[in-house]
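Working notes, structure below.
The values are calculated or read from the model by the stated rules, or taken from the named source; none is laboratory data. Note that the structure is a prediction, hence the values are computed from the model and not measured. Every residue, glycine among them, receives a Cβ derived from its backbone with ideal geometry; neighbour counts consider all protein chains shown.
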Amino acid sequence: MGLQNSQVQTVYIDNGSVPMNSRKSETNYLNFQTKIHGINARVSYMSGKQNLYLGAKNPNFEYGLTQMDAILEYDYSWKNLIVRPGISYQNSVYDVGKYSTETNKGFFTGSKELNTFAVHLRAEYLFFDKLKLIAAVRSDKYNKPDDTYFSFQFAGSYKIDDKSLIRMVYSRANQGPFMLDTYTDLIIPIMPPKVFELHGNDNLKLPTADMFEIGFRNKLTEKIQTDFEVFYNVTKDFTMPVVNPNNTLIATFANVPMKSYQFGLTGSLDVVINRKLRVKAFGTLQNTSLTDWLTKVDHSAYGYDTTVFAYVDKNHKATPTFYGGITANYAPTEKMNVFANVYYYTKQSFLYDDATTNRIEMVDIDAKAIVDLKISYKVWKNNSVYVNARNLLNDSNREFAFGDQGKGMYLIGLNLNF
(Lines give C-alpha, C1' and ligand atoms only; values in the text may rest on other atoms or scores of the structure.)
Protein backbone atom coordinates (compact mmCIF):
# COMPACT_ATOMS: atom_id res chain seq x y z
CA MET A 1 0.00 0.00 0.00
CA GLY A 2 1.12 3.57 -0.46
CA LEU A 3 0.25 7.17 -1.07
CA GLN A 4 1.72 9.99 -3.12
CA ASN A 5 1.44 13.72 -3.62
CA SER A 6 3.11 15.22 -6.66
CA GLN A 7 3.12 18.24 -8.93
CA VAL A 8 4.73 18.38 -12.35
CA GLN A 9 5.11 20.87 -15.16
CA THR A 10 4.03 19.33 -18.44
CA VAL A 11 2.95 20.00 -22.00
CA TYR A 12 -0.69 18.95 -21.69
CA ILE A 13 -3.09 21.18 -23.60
CA ASP A 14 -2.89 24.36 -25.68
CA ASN A 15 -5.06 27.07 -24.16
CA GLY A 16 -4.56 29.40 -27.11
CA SER A 17 -1.61 31.21 -25.55
CA VAL A 18 0.75 28.61 -24.09
CA PRO A 19 0.85 24.77 -24.03
CA MET A 20 2.89 24.55 -20.80
CA ASN A 21 0.75 23.65 -17.77
CA SER A 22 1.10 22.22 -14.26
CA ARG A 23 -0.53 19.00 -13.07
CA LYS A 24 -1.19 17.93 -9.47
CA SER A 25 -2.00 14.46 -8.17
CA GLU A 26 -2.89 13.14 -4.69
CA THR A 27 -3.64 9.42 -4.61
CA ASN A 28 -3.41 6.34 -2.42
CA TYR A 29 -3.42 2.69 -3.41
CA LEU A 30 -3.71 -0.85 -2.08
CA ASN A 31 -2.39 -3.85 -4.01
CA PHE A 32 -2.73 -7.53 -3.08
CA GLN A 33 -1.48 -10.53 -5.01
CA THR A 34 -1.10 -14.21 -4.28
CA LYS A 35 -0.04 -17.43 -5.94
CA ILE A 36 -1.15 -20.78 -4.59
CA HIS A 37 -1.61 -24.21 -6.21
CA GLY A 38 -1.28 -22.76 -9.71
CA ILE A 39 -3.79 -19.97 -9.08
CA ASN A 40 -2.57 -16.41 -9.62
CA ALA A 41 -4.73 -13.60 -8.24
CA ARG A 42 -4.29 -9.86 -7.96
CA VAL A 43 -6.53 -7.02 -6.81
CA SER A 44 -5.50 -3.37 -6.79
CA TYR A 45 -7.46 -0.26 -5.84
CA MET A 46 -6.54 3.40 -6.14
CA SER A 47 -8.40 6.54 -5.12
CA GLY A 48 -7.64 10.23 -4.87
CA LYS A 49 -7.90 13.41 -6.87
CA GLN A 50 -6.06 15.02 -9.76
CA ASN A 51 -5.94 18.37 -11.48
CA LEU A 52 -4.52 18.02 -14.97
CA TYR A 53 -4.32 21.77 -15.54
CA LEU A 54 -3.80 23.94 -12.47
CA GLY A 55 -5.39 27.35 -12.77
CA ALA A 56 -7.72 26.48 -15.65
CA LYS A 57 -11.18 28.00 -15.31
CA ASN A 58 -14.36 27.10 -17.15
CA PRO A 59 -13.57 24.44 -18.02
CA ASN A 60 -11.43 23.14 -15.18
CA PHE A 61 -9.64 19.80 -15.23
CA GLU A 62 -9.99 18.73 -11.61
CA TYR A 63 -11.71 15.50 -10.59
CA GLY A 64 -11.85 12.73 -8.01
CA LEU A 65 -11.05 9.21 -9.16
CA THR A 66 -11.27 5.57 -8.15
CA GLN A 67 -9.73 2.72 -10.11
CA MET A 68 -9.94 -1.03 -9.52
CA ASP A 69 -8.12 -3.79 -11.35
CA ALA A 70 -8.67 -7.50 -10.59
CA ILE A 71 -7.33 -10.58 -12.35
CA LEU A 72 -7.57 -14.32 -11.70
CA GLU A 73 -5.53 -16.87 -13.67
CA TYR A 74 -4.72 -20.57 -13.43
CA ASP A 75 -1.54 -22.27 -14.66
CA TYR A 76 -1.92 -25.82 -15.96
CA SER A 77 0.88 -27.85 -17.49
CA TRP A 78 0.99 -31.33 -18.99
CA LYS A 79 4.16 -32.64 -20.63
CA ASN A 80 5.09 -29.98 -23.22
CA LEU A 81 1.79 -28.10 -22.94
CA ILE A 82 1.22 -25.02 -20.76
CA VAL A 83 -2.26 -23.49 -20.56
CA ARG A 84 -3.27 -20.32 -18.68
CA PRO A 85 -6.99 -19.39 -18.64
CA GLY A 86 -8.09 -16.28 -16.79
CA ILE A 87 -10.65 -13.57 -16.16
CA SER A 88 -10.19 -9.90 -15.34
CA TYR A 89 -12.24 -6.84 -14.41
CA GLN A 90 -11.26 -3.18 -14.66
CA ASN A 91 -13.26 -0.20 -13.42
CA SER A 92 -12.53 3.52 -13.50
CA VAL A 93 -14.75 6.31 -12.09
CA TYR A 94 -14.12 10.04 -12.54
CA ASP A 95 -16.21 12.46 -10.47
CA VAL A 96 -16.10 16.16 -11.36
CA GLY A 97 -19.25 17.12 -9.45
CA LYS A 98 -17.62 18.39 -6.27
CA TYR A 99 -15.10 20.47 -8.24
CA SER A 100 -17.58 22.15 -10.62
CA THR A 101 -19.82 25.19 -10.29
CA GLU A 102 -22.09 27.10 -12.66
CA THR A 103 -19.30 29.56 -13.36
CA ASN A 104 -16.46 27.00 -13.39
CA LYS A 105 -17.66 23.80 -15.02
CA GLY A 106 -15.73 20.57 -15.55
CA PHE A 107 -15.29 18.75 -18.85
CA PHE A 108 -18.46 16.77 -18.08
CA THR A 109 -21.03 16.72 -15.28
CA GLY A 110 -21.25 14.49 -12.21
CA SER A 111 -19.68 11.03 -12.05
CA LYS A 112 -18.80 8.88 -15.08
CA GLU A 113 -17.67 5.26 -15.28
CA LEU A 114 -15.73 3.07 -17.70
CA ASN A 115 -15.38 -0.66 -17.11
CA THR A 116 -14.51 -3.86 -18.90
CA PHE A 117 -14.89 -7.56 -18.13
CA ALA A 118 -12.56 -9.92 -19.96
CA VAL A 119 -11.88 -13.62 -20.39
CA HIS A 120 -8.57 -14.76 -21.81
CA LEU A 121 -6.60 -17.89 -22.61
CA ARG A 122 -2.93 -18.47 -23.36
CA ALA A 123 -1.51 -21.79 -24.56
CA GLU A 124 2.07 -22.81 -25.30
CA TYR A 125 3.36 -26.08 -26.77
CA LEU A 126 6.89 -27.28 -27.55
CA PHE A 127 7.41 -29.76 -30.41
CA PHE A 128 10.58 -31.85 -30.57
CA ASP A 129 12.45 -29.33 -28.36
CA LYS A 130 12.73 -27.09 -31.45
CA LEU A 131 9.36 -25.61 -32.45
CA LYS A 132 7.42 -23.56 -29.89
CA LEU A 133 3.92 -22.36 -30.72
CA ILE A 134 2.10 -19.77 -28.60
CA ALA A 135 -1.51 -18.70 -28.99
CA ALA A 136 -3.31 -16.14 -26.83
CA VAL A 137 -6.88 -14.83 -27.22
CA ARG A 138 -8.86 -12.32 -25.18
CA SER A 139 -12.42 -11.03 -25.24
CA ASP A 140 -13.23 -7.65 -23.64
CA LYS A 141 -16.80 -6.53 -22.94
CA TYR A 142 -16.89 -2.74 -22.43
CA ASN A 143 -19.69 -0.64 -21.02
CA LYS A 144 -18.75 2.26 -23.33
CA PRO A 145 -18.89 1.48 -26.16
CA ASP A 146 -21.43 -1.27 -25.41
CA ASP A 147 -19.50 -3.77 -27.47
CA THR A 148 -17.14 -6.76 -27.31
CA TYR A 149 -13.64 -6.67 -28.77
CA PHE A 150 -11.38 -9.63 -29.50
CA SER A 151 -7.60 -9.41 -29.36
CA PHE A 152 -5.10 -12.15 -30.05
CA GLN A 153 -1.48 -13.10 -30.56
CA PHE A 154 -0.13 -16.06 -32.51
CA ALA A 155 3.59 -16.63 -32.28
CA GLY A 156 6.02 -19.32 -33.27
CA SER A 157 9.74 -19.82 -32.83
CA TYR A 158 11.97 -22.45 -34.38
CA LYS A 159 15.38 -23.39 -33.05
CA ILE A 160 17.45 -24.02 -36.17
CA ASP A 161 20.46 -25.14 -34.13
CA ASP A 162 22.08 -24.29 -30.81
CA LYS A 163 23.09 -20.88 -32.15
CA SER A 164 20.17 -19.75 -34.33
CA LEU A 165 16.47 -19.06 -33.71
CA ILE A 166 13.78 -17.69 -36.03
CA ARG A 167 10.42 -16.32 -34.81
CA MET A 168 7.18 -14.97 -36.28
CA VAL A 169 4.29 -13.08 -34.67
CA TYR A 170 0.86 -11.90 -35.77
CA SER A 171 -1.24 -9.98 -33.26
CA ARG A 172 -4.20 -7.63 -32.89
CA ALA A 173 -4.89 -5.25 -30.02
CA ASN A 174 -7.31 -2.42 -29.40
CA GLN A 175 -7.02 0.76 -27.36
CA GLY A 176 -9.32 1.08 -24.38
CA PRO A 177 -11.92 3.88 -24.15
CA PHE A 178 -11.03 7.34 -22.79
CA MET A 179 -13.11 9.50 -20.46
CA LEU A 180 -12.71 12.65 -22.59
CA ASP A 181 -13.60 10.94 -25.88
CA THR A 182 -16.63 9.27 -24.30
CA TYR A 183 -18.17 11.77 -21.89
CA THR A 184 -16.96 15.31 -22.71
CA ASP A 185 -19.76 17.88 -22.47
CA LEU A 186 -18.10 21.28 -22.62
CA ILE A 187 -19.49 24.75 -23.20
CA ILE A 188 -16.49 27.06 -23.68
CA PRO A 189 -16.95 30.86 -23.87
CA ILE A 190 -14.85 32.27 -26.71
CA MET A 191 -16.16 35.69 -27.73
CA PRO A 192 -19.31 36.41 -25.67
CA PRO A 193 -22.03 35.79 -26.44
CA LYS A 194 -20.48 33.11 -28.68
CA VAL A 195 -19.63 29.73 -27.12
CA PHE A 196 -17.89 26.60 -28.44
CA GLU A 197 -19.45 23.21 -27.69
CA LEU A 198 -17.43 19.99 -27.47
CA HIS A 199 -19.28 16.71 -26.94
CA GLY A 200 -18.18 13.14 -26.32
CA ASN A 201 -19.42 10.00 -28.02
CA ASP A 202 -20.16 6.78 -26.13
CA ASN A 203 -20.48 4.71 -29.30
CA LEU A 204 -17.00 5.16 -30.80
CA LYS A 205 -15.11 2.34 -32.44
CA LEU A 206 -11.93 1.68 -30.49
CA PRO A 207 -8.62 2.19 -32.38
CA THR A 208 -7.22 -1.21 -33.38
CA ALA A 209 -3.72 -2.21 -34.48
CA ASP A 210 -2.61 -5.30 -36.39
CA MET A 211 1.06 -6.19 -36.13
CA PHE A 212 3.28 -8.59 -38.09
CA GLU A 213 6.82 -9.49 -37.04
CA ILE A 214 9.55 -11.82 -38.21
CA GLY A 215 12.84 -12.03 -36.35
CA PHE A 216 16.14 -13.89 -36.34
CA ARG A 217 18.55 -14.32 -33.44
CA ASN A 218 22.01 -15.75 -33.91
CA LYS A 219 24.96 -16.43 -31.65
CA LEU A 220 27.80 -15.89 -34.09
CA THR A 221 30.47 -16.83 -31.57
CA GLU A 222 30.65 -17.34 -27.83
CA LYS A 223 31.12 -13.59 -27.48
CA ILE A 224 28.95 -12.12 -30.27
CA GLN A 225 25.14 -12.28 -30.48
CA THR A 226 22.85 -10.58 -33.01
CA ASP A 227 19.09 -10.07 -33.08
CA PHE A 228 17.15 -8.58 -36.03
CA GLU A 229 13.45 -8.10 -36.61
CA VAL A 230 11.23 -6.75 -39.39
CA PHE A 231 7.82 -5.38 -38.35
CA TYR A 232 4.72 -3.97 -39.98
CA ASN A 233 1.81 -2.26 -38.18
CA VAL A 234 -1.59 -1.13 -39.44
CA THR A 235 -3.79 1.01 -37.16
CA LYS A 236 -7.33 2.19 -37.88
CA ASP A 237 -10.39 3.80 -36.22
CA PHE A 238 -8.59 6.82 -34.78
CA THR A 239 -10.81 9.32 -32.95
CA MET A 240 -10.75 13.12 -32.81
CA PRO A 241 -13.16 16.05 -32.39
CA VAL A 242 -14.95 16.63 -35.70
CA VAL A 243 -16.58 20.00 -36.37
CA ASN A 244 -20.24 20.07 -37.33
CA PRO A 245 -20.30 21.23 -41.00
CA ASN A 246 -23.52 23.16 -40.36
CA ASN A 247 -22.19 24.89 -37.25
CA THR A 248 -18.45 25.33 -36.78
CA LEU A 249 -18.98 26.19 -33.09
CA ILE A 250 -20.00 22.58 -32.33
CA ALA A 251 -17.65 19.58 -32.40
CA THR A 252 -18.16 15.94 -31.42
CA PHE A 253 -15.63 13.15 -30.96
CA ALA A 254 -15.91 10.75 -33.90
CA ASN A 255 -13.98 8.08 -35.73
CA VAL A 256 -12.05 9.37 -38.73
CA PRO A 257 -11.09 7.37 -41.85
CA MET A 258 -7.36 7.89 -41.29
CA LYS A 259 -5.16 4.79 -41.18
CA SER A 260 -1.54 4.47 -40.12
CA TYR A 261 0.97 2.14 -41.81
CA GLN A 262 4.35 1.58 -40.19
CA PHE A 263 7.16 -0.54 -41.60
CA GLY A 264 10.52 -0.95 -39.92
CA LEU A 265 13.62 -2.90 -39.01
CA THR A 266 15.12 -3.16 -35.55
CA GLY A 267 18.27 -4.91 -34.44
CA SER A 268 20.91 -5.31 -31.79
CA LEU A 269 24.50 -6.47 -31.58
CA ASP A 270 25.91 -7.68 -28.26
CA VAL A 271 29.68 -8.16 -28.02
CA VAL A 272 31.65 -9.40 -25.02
CA ILE A 273 35.11 -8.14 -25.97
CA ASN A 274 36.73 -9.61 -22.87
CA ARG A 275 35.81 -10.25 -19.25
CA LYS A 276 36.26 -6.55 -18.49
CA LEU A 277 34.44 -4.93 -21.43
CA ARG A 278 30.99 -5.50 -22.95
CA VAL A 279 29.45 -3.39 -25.74
CA LYS A 280 25.90 -3.46 -27.09
CA ALA A 281 24.53 -1.53 -30.07
CA PHE A 282 20.84 -1.25 -30.96
CA GLY A 283 18.75 0.68 -33.45
CA THR A 284 15.40 0.97 -35.21
CA LEU A 285 14.76 2.26 -38.72
CA GLN A 286 11.11 2.97 -39.52
CA ASN A 287 8.73 4.78 -41.83
CA THR A 288 5.14 5.69 -41.02
CA SER A 289 2.60 6.85 -43.58
CA LEU A 290 -0.96 8.10 -43.11
CA THR A 291 -3.91 7.84 -45.46
CA ASP A 292 -7.00 10.09 -45.31
CA TRP A 293 -5.41 12.53 -42.88
CA LEU A 294 -7.76 15.43 -42.16
CA THR A 295 -5.98 18.77 -42.46
CA LYS A 296 -6.52 22.40 -43.29
CA VAL A 297 -5.49 23.40 -46.82
CA ASP A 298 -4.75 27.00 -47.77
CA HIS A 299 -6.04 27.77 -51.26
CA SER A 300 -4.66 31.34 -51.41
CA ALA A 301 -2.09 30.23 -53.98
CA TYR A 302 -4.95 29.57 -56.38
CA GLY A 303 -6.26 33.12 -56.27
CA TYR A 304 -8.69 33.08 -53.38
CA ASP A 305 -7.84 33.32 -49.68
CA THR A 306 -9.72 30.70 -47.69
CA THR A 307 -8.83 27.70 -45.55
CA VAL A 308 -10.84 24.49 -45.84
CA PHE A 309 -10.53 20.93 -44.58
CA ALA A 310 -9.37 18.12 -46.87
CA TYR A 311 -8.25 14.49 -46.65
CA VAL A 312 -4.68 13.87 -47.80
CA ASP A 313 -2.08 11.08 -47.73
CA LYS A 314 1.26 11.94 -46.16
CA ASN A 315 4.38 10.65 -44.46
CA HIS A 316 4.23 10.94 -40.68
CA LYS A 317 7.36 12.79 -39.63
CA ALA A 318 6.69 13.18 -35.89
CA THR A 319 8.36 9.81 -35.23
CA PRO A 320 12.13 9.69 -35.84
CA THR A 321 13.16 7.76 -38.94
CA PHE A 322 16.04 6.30 -36.95
CA TYR A 323 16.70 5.96 -33.23
CA GLY A 324 19.21 3.83 -31.41
CA GLY A 325 22.42 3.84 -29.48
CA ILE A 326 25.43 2.12 -27.97
CA THR A 327 26.12 1.10 -24.38
CA ALA A 328 29.45 0.00 -22.98
CA ASN A 329 30.33 -1.41 -19.57
CA TYR A 330 34.00 -1.53 -18.57
CA ALA A 331 35.41 -2.88 -15.32
CA PRO A 332 39.18 -2.27 -15.36
CA THR A 333 39.52 -3.56 -11.77
CA GLU A 334 37.31 -5.39 -9.31
CA LYS A 335 36.54 -2.08 -7.57
CA MET A 336 36.05 0.27 -10.50
CA ASN A 337 33.24 0.29 -13.06
CA VAL A 338 32.70 2.62 -16.03
CA PHE A 339 29.34 2.72 -17.84
CA ALA A 340 28.81 4.81 -20.98
CA ASN A 341 25.71 5.26 -23.09
CA VAL A 342 25.04 7.13 -26.34
CA TYR A 343 21.46 7.53 -27.61
CA TYR A 344 20.62 9.18 -30.93
CA TYR A 345 17.50 10.04 -32.90
CA THR A 346 16.96 11.83 -36.21
CA LYS A 347 15.02 15.03 -36.89
CA GLN A 348 11.23 15.13 -36.37
CA SER A 349 8.54 17.56 -37.54
CA PHE A 350 5.55 18.17 -35.32
CA LEU A 351 2.38 19.61 -36.87
CA TYR A 352 -0.30 21.32 -34.79
CA ASP A 353 -3.38 23.47 -35.21
CA ASP A 354 -2.43 26.87 -33.82
CA ALA A 355 -5.31 28.19 -31.69
CA THR A 356 -4.18 31.80 -32.25
CA THR A 357 -3.56 31.88 -36.01
CA ASN A 358 -6.11 29.13 -36.81
CA ARG A 359 -3.54 27.61 -39.19
CA ILE A 360 -1.50 24.42 -39.33
CA GLU A 361 1.96 25.23 -37.95
CA MET A 362 5.14 23.15 -37.75
CA VAL A 363 7.73 22.70 -35.01
CA ASP A 364 11.02 21.06 -36.04
CA ILE A 365 12.77 18.91 -33.43
CA ASP A 366 16.42 18.65 -34.38
CA ALA A 367 18.42 15.45 -34.35
CA LYS A 368 20.06 14.84 -30.99
CA ALA A 369 22.73 12.64 -29.43
CA ILE A 370 22.58 12.16 -25.66
CA VAL A 371 25.76 10.95 -23.97
CA ASP A 372 25.72 9.53 -20.41
CA LEU A 373 28.72 8.48 -18.35
CA LYS A 374 28.92 6.98 -14.86
CA ILE A 375 32.11 6.02 -13.03
CA SER A 376 31.85 4.22 -9.70
CA TYR A 377 34.45 2.93 -7.26
CA LYS A 378 33.92 0.48 -4.37
CA VAL A 379 35.55 1.93 -1.28
CA TRP A 380 34.57 -0.99 0.98
CA LYS A 381 32.62 -4.16 0.17
CA ASN A 382 29.51 -3.01 -1.77
CA ASN A 383 29.75 0.62 -0.66
CA SER A 384 30.79 2.92 -3.48
CA VAL A 385 31.26 6.51 -4.56
CA TYR A 386 30.43 7.68 -8.05
CA VAL A 387 30.28 10.53 -10.53
CA ASN A 388 27.37 10.50 -12.96
CA ALA A 389 26.97 12.77 -15.99
CA ARG A 390 23.58 12.77 -17.73
CA ASN A 391 23.65 14.49 -21.13
CA LEU A 392 27.40 14.88 -20.76
CA LEU A 393 27.79 17.22 -23.77
CA ASN A 394 25.01 19.53 -22.49
CA ASP A 395 22.99 19.32 -25.72
CA SER A 396 19.99 21.55 -24.91
CA ASN A 397 17.91 20.92 -28.05
CA ARG A 398 14.27 20.32 -27.19
CA GLU A 399 13.17 16.68 -27.26
CA PHE A 400 9.45 17.44 -27.56
CA ALA A 401 7.50 20.24 -29.20
CA PHE A 402 7.02 23.14 -26.75
CA GLY A 403 8.97 21.28 -24.04
CA ASP A 404 11.86 22.54 -21.95
CA GLN A 405 15.44 22.66 -23.17
CA GLY A 406 17.02 19.70 -21.42
CA LYS A 407 20.37 20.65 -19.93
CA GLY A 408 23.13 18.39 -18.66
CA MET A 409 22.99 17.00 -15.12
CA TYR A 410 26.20 16.25 -13.23
CA LEU A 411 26.06 14.26 -10.00
CA ILE A 412 28.43 13.08 -7.29
CA GLY A 413 27.05 10.38 -5.01
CA LEU A 414 27.60 7.72 -2.41
CA ASN A 415 25.94 4.29 -2.23
CA LEU A 416 25.75 2.71 1.23
CA ASN A 417 24.61 -0.87 1.86
CA PHE A 418 23.94 -2.01 5.40
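Here are a few things to note about the model shown:
- Taking every residue in region 362-376 that is outside any strand (DSSP E or B) and pairing it with any residue that is crowded, with 17+ Cβ neighbours inside 10 Å, at least 6 positions away or on another chain, yields no pair with a Cβ-Cβ distance below 6 Å.
- Just so you know, in region 205-237 the residues that are modelled with pLDDT of 95 or more and not in a strand (DSSP E or B) include one that is nearest to the chain's Cα centre (by Cα), and it is PRO207.
- Checking region 2-16 against the condition returns a match, with at least one residue being surrounded by fewer than 16 Cβ atoms within 10 Å (Cβ to Cβ), under 23 Å from the mean Cα position of the chain (by Cα), outside any strand (DSSP E or B) and not assigned by TED's automatic domain parsing to the domain that holds LEU180.
- On the stretch given as region 55-76, residues that are in a loop (DSSP other than H, G, I, E, B) and either among the charged types (D, E, K, R) or at pLDDT 90 or above (or both) total 2.
- For region 379-418, a residue qualifies if it is assigned to a strand (DSSP E or B) and either of a type outside the set (A, V, I, L, M) or not assigned by TED's automatic domain parsing to the domain that holds ASN329 (or both), and the qualifying residues are TRP380, ASN383, SER384, TYR386, ASN388, ARG390, TYR410, GLY413, ASN415.
- From the list MET409, MET336, MET362, the one residue that fits, being surrounded by fewer than 16 Cβ atoms within 10 Å (Cβ to Cβ), closer than 30 Å to THR291 by Cβ and among the aliphatic types (A, V, I, L, M), is MET362.
- For region 79-101, filtering for residues that are of a type in the set (A, V, I, L, M), surrounded by 14 or more Cβ atoms within 10 Å (Cβ to Cβ), under 23 Å from ARG122 (Cβ atoms) and in contact with a Phe, Trp or Tyr (Cβ under 7 Å, 6 or more places away or on another chain) leaves 1.
- The listed residue being at pLDDT 95 or above and within 25 Å of GLY283 (Cα to Cα), out of TYR142, TYR170: TYR170
- Among all residues of region 160-177, there is at least one that is within 18 Å of ALA254 (Cα to Cα), surrounded by fewer than 16 Cβ atoms within 10 Å (Cβ to Cβ) and in contact (Cβ under 8 Å) with a residue 12 or more places away in the chain.
- Here THR288 clears all of (1) farther than 30 Å from ILE160 by Cβ; (2) surrounded by 14 or more Cβ atoms within 10 Å (Cβ to Cβ); (3) of a type in the set (S, T, N, Q); (4) in the same structural domain as LYS159 (by TED's automatic domain parsing) except the condition numbered (4).
- Residue count for region 200-253, restricted to those that are within 26 Å of GLN175 (Cα to Cα) and not aliphatic (A, V, I, L, M): 24
- The combined condition, being assigned by TED's automatic domain parsing to the domain that holds LYS276, crowded, with 16+ Cβ neighbours inside 10 Å, in a strand (DSSP E or B) and charged (D, E, K, R), is not fulfilled by LYS314.
- Members of region 77-130 that are basic (Lys, Arg) and either modelled with pLDDT of 95 or more or assigned to a strand (DSSP E or B) (or both): ARG84, LYS112, ARG122
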